[in-house]
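Here's the structure we're looking at; comments come further down.
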Amino acid sequence: MNYYGAKDLAASFRTVRKNTITIAEEIGEQHYGFRATPETRTIAQTLVHIALAGKLQEQIHGVEKLTTLDGFDFMGFFQPMLAEEQKSFSKAQILERLTQQGEHFAQFLEGLSDNFLGERVGMSHGAAPASKTRFEMLLGVKEHEMHHRGQLMLIERMVGVVPHLTRQMQERMAQMMNQKAGA
């Protein structure tokens, strides 16, 4: 019995994307060109990267329905995406892309069966592990976004914004302290 299926995966992805969009909204457009170090992406590039990230797994599992990654042209797939990250987009365009691509990917996830999610896909020669379930690979999109969202939350601090999740936690802590003081 699978306790975490396609609808759960889509719902959790939507939650992560909602929080990413909130961060993108809170950062002023004047900061979208900020990069923490010369070797890193700008805020705008990171957000475009996040918006595009689901395309690889959708190609593998939805379009080609691969059972092995042997022979998949990763560089041919990534080069147009990397070029897209380098283009200039307004904050509104990036927010629209995050919203549209996020919902598109969530709808893709919702349509998958438990049997399909349980299928194993062979990794490229020499990779460990030798295979992963489609579920694990698709879950990786959400994990990847959370990784970059953590970077963006730190960058928010660098440009003078307290992240919304931090503010919400601080509010809950203050309420608990007030309740404890009044008890």
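Are there any helices (runs of 4 or more DSSP H) wholly within the stretch 41-93 with 3 or more residues that are surrounded by 18 or more Cβ atoms within 10 Å (Cβ to Cβ) and in contact with a His (Cβ under 7 Å, 6 or more places away or on another chain), and if so which? Counting at least 3 such residues, we get 43-52. The C-beta contact set for the stretch 49-66 (first residue over 16 Å from HIS144 (Cα atoms), second residue part of a helix (DSSP H, G or I) and charged (D, E, K, R), distance under 8 angstrom, 6+ apart or interchain) comprises HIS61/ARG134.
Of the residues making up the stretch 13-40, those that are in a loop (DSSP other than H, G, I, E, B) and of a type outside the set (Ser, Thr, Tyr) are ILE27, GLY28, GLY33, PHE34, ARG35, ALA36, PRO38, GLU39.
The residues of the stretch 105-117 that are surrounded by 13 or more Cβ atoms within 10 Å (Cβ to Cβ) and outside any loop (DSSP other than H, G, I, E, B), listed by number, are PHE105, ALA106, PHE108, LEU109, GLU110, PHE116, LEU117.
Of all residues in the stretch 126-153, those satisfying the criterion of being among the aliphatic types (A, V, I, L, M) and part of a helix (DSSP H, G or I) are MET137, LEU138, LEU139, VAL141, MET146, LEU152, MET153. Note on the stretch 138-147: residues that are surrounded by fewer than 19 Cβ atoms within 10 Å (Cβ to Cβ) and in contact (Cβ under 8 Å) with a residue 24 or more places away in the chain total 3.
Values in this text are rule-based calculations from the coordinates and carry no lab data. All of these numbers come straight from a predicted model, not from anything done at the bench. All Cβ positions, even for glycine, are placed from backbone atoms using ideal geometry, and neighbour counts span all protein chains on display.
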